[in-house]
1. For chain B, modelled as a Gaussian network with Cα springs under 10 Å, which listed residue fluctuates most, B:Ile15, B:Ile40, B:Ile78?
2. State, to one decimal in nm, how far the label point of A:Thr111 lies from the label point of A:Glu409, with both points 7 Å from Cα in the Cβ direction.
3. Can you give me the convex hull volume of the Cα atoms of the stretch A:298-411, divided per residue and expressed in Å³?
4. Give me log10 I(q)/I(0) at q = 0.06, 0.10 Å⁻¹ for the protein assembly as shown, Debye formula, one equal scatterer per alpha-carbon, no solvent.
5. With a cut-off of at most 12 other beta carbons within 10 Å, and DSSP calling the residue loop, which GluC sites (Glu not before Pro) in the stretch A:53-134 qualify? Please list them.
6. For q = 0.23, 0.27 Å⁻¹, what log10 I(q)/I(0) does the stretch A:386-459 give under the Debye formula with an equal point scatterer on each alpha carbon and no solvent?
7. With only Lys, Arg, Asp and Glu charged, each at its Cβ (+1 for the first two, -1 for the last two), find how big the charge dipole of the stretch B:2-44 is about the Cα centre; round to the nearest 20 debye.
8. What's the average, rounded to a whole number, of partner chain beta-carbon atoms within 10 Å of each residue's beta-carbon in A:32-41?
Amino acid sequence: MSIQYETVIGLEVHVELATKTKIFCGCSTAFGGAPNTHTCPVCTGMPGSLPVLNRQVVEYAAAVGLATNCTINQHCKFDRKNYFYPDNPQNYQISQLYEPICRNGYIEIDTASGTKKIGIHEIHMEEDAGKLIHDEWEDCSLVDFNRSGVPLIEIVSEPDMRNAEEVIAYLDKLRLIIQYLGASDCKLQEGSMRADVNLSVRPAGSDVLGTRTEMKNLNSFKAIARAIEGERERQIELLSMGRTVTQETRRWDDNKEASYAMRSKEDAQDYRYFPEPDLVPVVISDEWLASIKARQPELRTQKLIRYKKEFDIPDYDANIITSAKRMADIFEATTAICGKPKKVSNWLMVETMRLMKEHEMEADELTFSPENLAKLIQLTDEGTINSSVAKEVFTKIFLENTDPEQYVEEQGLKTVSDEGALKEVIRKVITDHPQSVADYRSGKEKALGFLVGQTMKAMKGKADPQAVNQILKGELA
Amino acid sequence: MANIISDEMIEYVGILAKLELSDEEKEQAKQDMGNMLDYIDMLNGLDTEGVEPMSHVFPVHNVFREDVVENADERDKILANAPAAKEGAFKVPKTVE
Ligand SMILES: [Zn+2]
């Protein structure tokens, strides 16, 4: 009989905070600068330079801790983690080991078998490293320290997850909470959210943890799911052959769908942490903590309750709209302008979702303005344009944030409501399609639809189909 | 000296610190480290009942900066400190994971 194995997974999630400046110096954290243009003596580890903590980093870290039910350590401090690597100019990373800012939290995820609590062991503040670029030409490496000193929080979960679905649900929830707080944009692809997966297997029913491995380089939810499946199989295979799992760090190669050990045994992982002497302790007073709490923005659960009460939109719509902060922001801002929540919701649920799928976009890539969507709803409601023209105009708004009033004017898309002009076109359609006219008169209702279609075509879509229908009926009577 | 540092230990610490020590230096370092550990043992033996843990030698906390960009692009000055540079970056021996 073969042994059934249970997978035990814990995550270390690094999140880049949305501060304007680095954690210990006044250098910009903006993306895309030329190499080393956002550097100074502090973030390049020059001798004699001294770090000074960015207050906003403490605020964001505490805000994430509060939103994930952590206890905030009102007295916390920094430690040095020592290691040599060219992307780390000081030969140590300033991090928190002994007294991290947050401890003992949890978040709730939805699983197939109901709600499950995933424990958060701790959240600590630390600095990011620089970036190494390999130079093929000279066979050397080039170091860009623009990312060096960018503030990170590392969120360490308890080993409470059992499969890839739970891991994805946890990451999704965590990302949403942090995005709502505005503490980070949490983009996996761009590296502002990075997840390392600690995984071990054990015979089902056992309460002893197996030897775990840590997997790095997971850049998408799909890669994480594949890496978990691959590593679970690798470990079970080792154990069923009577071999043992080695505790090590492994790098996932998503193209090859395989992982390999990153560091050799001789390369000891002994970081010799010690208290950072260049930084004084952080004391978060009750008043400061209370003011961070008071400034916590509304999170999704609260939003869902409010949407139901305030806007009377279906649960299904509210669920989807609040699933991304950007979407919820657009919804609320547009509704505030036009006062028509159901119509705003429809545009988001139908056309926006369709175009996002077509262009393979995420909600946080939406760039159209609430003002333009509100104008479009206004134009449709007052009958200036009909619904098929509105869809066409919305595509322009979605892609280029075009002003719909101006666009409708320039392209001459206004619905023709002048009865005389309409009649003229309809009479021509009737003359041109005697067979359909005969069909209609002999009782074939379908023929009317064809004639309406021909009229709309002749009007280039700019007529009110209702009016066309009526006039046609009148003319054919 | 109560704490005796083994040859293996001094070798290991040397690797971690990227230090190449001569035989004489190794012997000296073993002595020094042993003495330091003895001192720590002595501290550990003291009665600290009722003494507040100290996390920093200065009685100061909460030294912050506001989140405002202060530094302009001074890449040339920074790179002037680099042993070797190329295309605006620090040039180092080939490093791959
Ligand atoms: Zn700097």
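Bear in mind that the values in this text are calculations on the coordinates, not laboratory data. In this text, all values refer to a predicted model and were calculated from it rather than measured experimentally. Using ideal geometry, Cβ is built from the backbone for each residue, glycine included, and neighbour counts are taken over all protein chains shown.
1. Among B:Ile15, B:Ile40, B:Ile78, the largest mean-square fluctuation in the Gaussian network model of chain B belongs to B:Ile78.
2. 5.9 nm
3. Convex hull of Cα atoms, per residue: 95 Å³.
4. So the normalised log intensities are -0.47, -1.03.
5. Here no GluC sites (Glu not before Pro) fit, given the DSSP loop and packing criteria.
6. For the stretch A:386-459, the Cα-only Debye profile gives -0.99, -1.17.
7. Numbers: 3 positive and 11 negative charges, 39 e Å.
The calculated dipole for the stretch B:2-44 is roughly 180 debye.
8. Per-residue shielding by partner chains comes out at 6.
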